[in-house]
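Just below is one structure, and these are the notes that go with it.
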Ligand code: GS8
């Protein structure tokens, strides 16, 4: 199972509730990489984190033989390229399909995650939250159309786009509770897709308790002074 054939110290700087960290954990699990996870206190950043990601100072950071790789989507891509011994890849090798997968992962990152954040960290009142909710559902609907009747975003194969989106599913409970709506009513196929993904061990062991995420958000809002 452990296959650090590319030699071999692998460390992940992580934070338990981070959907970005979850992307890295899923990719590492998919590839069967043995690694050390070091939990970070984001209120009091470690020297290690600051030295490994001096630009953004955020997790996740994958440290492979003392060399850092930052930004979750680049981390997943790096893992895919380095641990490739079975010739199974998360990203398609065909150029067009690869460009499409990168495009949709970028859309998920820049648009869907951001709408989710606007819903839960809403500072500007009900109208702002309503508009974030509308955008979020429109974006998920677009993804639902793209998914069609496939098992995963990569067709039969679980891959890069799935890994980009599935950690947000762990936050759906919190997102829905924050804005009092139900994602399944508008996007049942996304929920079905997510339920298929969490059947995979790589996903189920990388996600966390959704109730704890909600509690974390409540504490965070108090800290940020944006609680009701
Ligand atoms: C986002 C990582 C991020 O926001 C990526 O890796 O894809 N674009 C990056 N990390 C957060 C924790 S999750 O909310 C973080 O480390 N924040 C610390 C800070 O901003 O001070």
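Just so you know, all these numbers are worked out from the coordinates, no wet-lab data involved. No experiment lies behind these values; they were computed from the predicted model shown. FYI the Cβ positions are ideal-geometry reconstructions off the backbone, even for glycines, and counts take in every protein chain you see.
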Looking at the chain, what % of its DSSP beta bridges pair antiparallel, to the nearest 5?
70 percent
Where does each of 189, 57, 180, 25 land when they are ranked from fewest to most other beta-carbon atoms within 10 angstrom?
180, 57, 189, 25
At the level of C-alpha centres, the distance separating the range 164-192 and the range 121-140, in angstrom, is 13 Å
Let a ≥ b ≥ c be the square roots of the eigenvalues of the Cα gyration tensor of the range 72-228; is it rounded (a/c under 1.5), or, if not, prolate (a/b larger than b/c) or oblate?
prolate
Shape call for the range 1-158 from the C-alpha gyration tensor, a ≥ b ≥ c root eigenvalues: rounded (a/c under 1.5), prolate (a/b greater than b/c) or oblate?
oblate
DSSP beta bridges in the range 10-82: the antiparallel percent, rounded to 5, is 65 percent
Let me have the 222 nm mean residue ellipticity of the chain computed from DSSP H runs of 4+ only, each contributing -39500 (n - 2.57), with the sum over all residues rounded to the nearest 500.
-17000 deg cm²/dmol
Among 50, 90, what is the fewest-to-most ranking by other Cβ atoms within 10 Å?
50, 90
By the C-alpha gyration tensor axes a ≥ b ≥ c (rounded if a/c is under 1.5, else prolate when a/b exceeds b/c, else oblate), the shape of the range 10-82 is prolate
From fewest to most C-beta neighbours within 10 Å, the residues 166, 222, 175, 63 line up as 222, 63, 175, 166
What is the packing order of peptides 132-142, 201-211, taking the mean over residues of other C-beta atoms within 10 Å and listing the highest first?
132-142, 201-211
